[in-house]
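Beneath this line is the structure, given in structure tokens, with notes to follow.
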Amino acid sequence: MSHKSNSLKQLALQKFKKNFWGVFSFFFIVLIGFISIFAYVFAPDDSQYANQMHLAIHSKKPGYNVTMLTMPSKIKVKQNSFDKLFFGRKNTDTEIPISEYAIKDDVLVYKEYASDGLEGAEKTVELNIFPNNSPKDFIQEKTFLFGTDKYGRDLLSRVLVGARISFFIGFVAVLISLLIGIFMGSVSGYFGGKVDAVIMWIINVTWSIPTLLLVIAITLALGKGFWQVFIAVGLTMWVEVARVVRGQIISTKEMQYVTAARALGYNDFRIITKHILPNIMAPVIVISAANFAAAILIESGLSFLGIGAQPPMASWGAMIKDHYNYIILGKPYLAIIPGLCIMSLVMAFMLIGNALRDALDVKS
Amino acid sequence: MINYLLNKIFYALLTLIGVITVIFFLFSVLPGDPAQMMMGQNDDSKQLAIVKKKYGFDKPVTTQYLYYLNDLSPISFHSNNSEDYTFLSKGKYNEASLFSLGNTTTVLKKPYLRESFAKQGKRVSQVLSETLPNTFVLAVSAIFIAIVLGILLGIVSALYKDKWLDKTIQILSTFGMSIPSFFSAILFAWFFGYLLHEYTNLEMTGSLYELDDFGEDMHIKWKNLILPAIVLGIRPLAVVIQLMRNSLLEVFNQDYIRTARAKGLSEFQIIKKHAVKNALNPVVTAISGWFASMLAGAVFVEYIFGWNGLGKEIVNALNTLDLPVIMGSVLVIATLFVMINILVDLIYVWLDPKVKLE
């Protein structure tokens, strides 16, 4: 006997599955999420923040190839594999792009790479700094799939690692906005009266200050940095959640199941959390998807202005800031690649938000 | 009606006091000594003490807050003692004296936004009056583009619901909402101002007023408005398209549209006379929302196109930590926002007679 279940959740899920862009965006977001968690596994440059600079080969075209000599450092950093996997290798080695090399007796002679047809300086290094006196493993061909940025860092790695900030800020900001927003919204909507008036006033005040400027003010007050931005964005976005929750609660609290719960003598906390909130989650979910997108946009904007994530941390907005002057120097991809990344991630969240709105039948 | 308006205005004032409080306390917990910021590299301790005294930085934060409120309030109280911060020194407030009581004078004045840190002695109100009109021109042009194009594309999208035309417009409008404004500004400046410069004759950067070739006269250059206005209009345009489409689709289901069809009116007449006006309400309500996103966008757009507006001024002030300018800008924007909200409420009442004044 087949069991046909028709719960609201399942109906919504069925509807969601039929929405091509929604499903597409879902898998896209899962993919980006996976990449951002394991960024250092995928990144060709797995040093911390993908920050291995080679000034000699700055701003090279995508697919650029060079022979790279790695000078092993005497300082050995102890790092456990978990740390290395998730936060990148703490790198003390120096990488030198070279154009040619030869081994003579017990020294390695190499010519430093120089662009624009210039002759690089010839240098020698004793072979005994390499393990087993063999530099073979330390001289490798390196390909930069997306080219290099203005400090000669691998752009692909920076992009991959940069996905983290965008993703993470979405999570933190949405979490903070949900915690504050649901609390304020439900208290305000459920109790009404003076509490409502005060909370509405706070909402209106926050609402009247443009988000970007409020975030800037909070960031300045807390000090530049990436946690500060997370908190600042969360502290401004709760307003929308609170408004929606309040509106929903006001219309729900007169419903019979709430009256029934009250008649059974349940306390307010239980009525709000167990009876009302589960019934008004649909619009909150939709708003959260939109907030996720908005948070990514705001973070990229702040980083673009230089008050978001601070260097050497990789952030898409900061990458555009560093490179938008290069678009007239014939290297527009340096700014366009991170820009496309921001756009596609934001768009995925918007599309998933739209699909959820249709599936959950929420009126905008 | 009068009562309704008074109520609204009272609430708006209450909101503004909240905004002032938030802004003041956020900026007063800022690490760093504001007096030192004003002095720059100069670290003469005597002068520092004078500056601190002059601007009231030597007082506790709550007193400074009261001073700030007093400076901003149109009706304010001032001490006759020249040692006090509130002393009516010449040319500071441009006040009109109302009456004196004992040691304090009550005056009527324009809100005093203090002086810029970075531009020695320049009033914030002066800075704002130089930049705000440019931003206003930019914002109005952008909104104009957004409304005209948005309503048109929204109608087209609703008429061809679920056809490829509708789907294309939908995807494009989601696209428009997803693109960070600084990124679209960079792309437009590059593409139309640089790559296609020969054909468009547009520049990558430029403001509304530019010095002529001899560096003598300021000339208005409308040409420079085109790119920033389009870029700033992208996001509101995307929003208007969505709102217009959805609200038209709802209107199409109404009885009066069926009646109009039954009467044998042409499709064009139905849309023009019956559907569009009724579908406009949500678009009007959203104006206040766009205004906020508009100003946020303006910060980036002005910065990239070098447009001499409030947004660019804010970025400059951020780099020099020119707190009075930042605070003044935020306050002015919040005030505008609150005023526009009242205006939108009134327009809404006028558009939809069903809404009662309460």
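No lab work stands behind these numbers, since they all come straight from the coordinates. All figures in this text were calculated on a predicted structure; none of them were measured in a lab. Note: ideal-geometry Cβ built from the backbone for every residue, glycine included; neighbour counts use all protein chains shown.
Identify which of B:PHE300, B:PHE27, B:PHE268 has the largest mean-square fluctuation in a Gaussian network model of chain B, with springs joining Cα atoms closer than 10 Å. Maximum among the listed residues: B:PHE268.
Counting only other chains, what is the mean number of Cβ atoms within 10 angstrom of the Cβ of each residue in peptide A:339-347? Intermediate results must be reported in sequence, preceding the final value.
Details: counts 7, 2, 0, 5, 6, 1, 1, 6, 7.
Counting other chains' Cβ atoms within 10 Å and averaging over A:339-347 gives 4.
In terms of surrounding Cβ atoms within a 10 Å radius of their Cβ, B:MET204, A:MET71, A:MET350 rank from fewest to most as A:MET71, B:MET204, A:MET350.
In this simple spin-label approximation, B:LYS263 and B:LEU351 carry label points 7 Å from Cα along the Cα→Cβ vector, and these lie 2.3 nm apart. In the structure shown, the pairs B:LYS59/B:LYS122; A:LYS18/A:LYS321; A:LYS15/B:LYS354; B:LYS8/B:LYS92; B:LYS167/B:LYS277; A:LYS253/B:LYS161 are assessed against 29 Å; a Cα-Cα span above that value is assigned to A:LYS18/A:LYS321; A:LYS15/B:LYS354; B:LYS8/B:LYS92; A:LYS253/B:LYS161.
Exposure proxy shown here: for B:GLU95, A:GLU95, B:GLU313, A:GLU254, the number of other Cβ atoms within 10 Å sets the order, fewest to most, as A:GLU254, B:GLU95, A:GLU95, B:GLU313. Summing Cβ point charges (Lys, Arg +1; Asp, Glu -1) relative to the Cα centre of the protein assembly as shown gives a dipole of roughly 2600 debye. In region B:133-283, the C-alpha radius of gyration followed by the widest Cα-Cα span (Dmax) gives 19.6, 68 angstrom.
Quick one: length gained pulling A:ALA263 to A:VAL30 fully straight, 0.36 nm per residue minus the C-alpha distance? The A:ALA263-A:VAL30 span can extend by a further 79.4 nm. For chain A, the percent of C-alpha pairs falling in each 10 Å distance bin, counted from 0 to the bin holding the largest distance, reads 5, 19, 24, 20, 14, 9, 6, 3, 1, 0.
Taking 10 °C and 1.306 mPa s as the conditions, I'd like the Stokes-Einstein D for the protein assembly as shown in µm²/s, using the Kirkwood hydrodynamic radius from alpha carbon pairs.
On the way: Rh = 29.3 Å.
Translational diffusion coefficient: 54 µm²/s.
Using alpha carbons only, how many degrees (0 to 90, rounded to 10) separate the axis of helix B:226-252 from the longest principal axis of chain B? With both axes taken from Cα atoms, the answer is about 50 degrees.
Expressed as a rounded percentage, what relative contact order does chain B have, with Cα pairs under 8 Å and six or more residues apart? Could the numbers behind the result be given before it?
Working: 414 pairs, mean separation 69.2, N = 358.
Relative contact order for chain B comes out at 19 percent.
What the Cα atoms of region A:298-364 give is an Rg and a Dmax of 15.6, 49 Å. Taking trypsin sites (Lys or Arg not before Pro) as exposed when DSSP calls them loop and at most 15 other C-beta atoms lie within 10 angstrom, chain A has its longest site-free stretch at A:225-362. Here the contact order of region A:64-149, divided by its residue count and restricted to Cα pairs under 8 Å and six or more residues apart, works out to 34 percent. Compactness of chain B is given as radius of gyration and Dmax, 25.2, 86 Å, from Cα positions. Putting +1 on Lys and Arg Cβ atoms and -1 on Asp and Glu Cβ atoms, find which of B:ASN278, B:PHE192, A:LEU329 reaches farthest to the positive end of the dipole of the protein assembly as shown. Result: B:ASN278, furthest along the dipole toward the positive end. The convex hull defined by the C-alpha atoms of region B:220-267 has an orientation-averaged projected area of 5.4 nm².
Rounded to the nearest 10 degrees, the angle from helix B:124-159 to the longest Cα principal axis of chain B is 10 degrees.
What's the exposure ranking of A:TYR110, B:TYR199, B:TYR348, going from fewest to most Cβ atoms within 10 Å?
On the way: A:TYR110 23, B:TYR199 8, B:TYR348 15.
Taking fewest neighbouring Cβ atoms as first place, the list is B:TYR199, B:TYR348, A:TYR110.
Computed from the C-alpha gyration tensor, the three semi-axes of the ellipsoid equivalent to region B:1-109 are 30, 21, 10 Å, from longest to shortest. Taking 16 Å as the straight-line reach from the Cα of B:LYS46, the lysines in range (excluding those fewer than 8 positions away in the same chain) are B:LYS54. Taking the square roots of 5 times each eigenvalue of the Cα gyration tensor of region A:1-153, largest first, gives ellipsoid semi-axes of 48, 19, 12 Å.
Under 20 Å between alpha carbons, and skipping anything fewer than 8 positions from A:LYS90 in its own chain: which aspartates and glutamates qualify? Partners within reach: A:ASP45, A:ASP46, A:ASP137, A:ASP154.
Across peptide A:196-209, the average count of Cβ atoms from other chains found within 10 Å of a residue's Cβ is 5.
Axis of helix A:333-360 versus longest Cα principal axis of chain A: the two differ by about 20°, to the nearest ten degrees. Each residue of region B:174-181 is assigned a 3J(HN,Hα), and the resulting list reads 5, 4, x, 7, 8, 7, x, 5 Hz, derived from the Karplus form 6.51 cos²θ - 1.76 cosθ + 1.60 (θ = phi - 60°), x at Gly and Pro. Equivalent ellipsoid of region B:244-358: semi-axes from √(5λ) of the C-alpha gyration tensor, largest first, are 42, 17, 8 Å.
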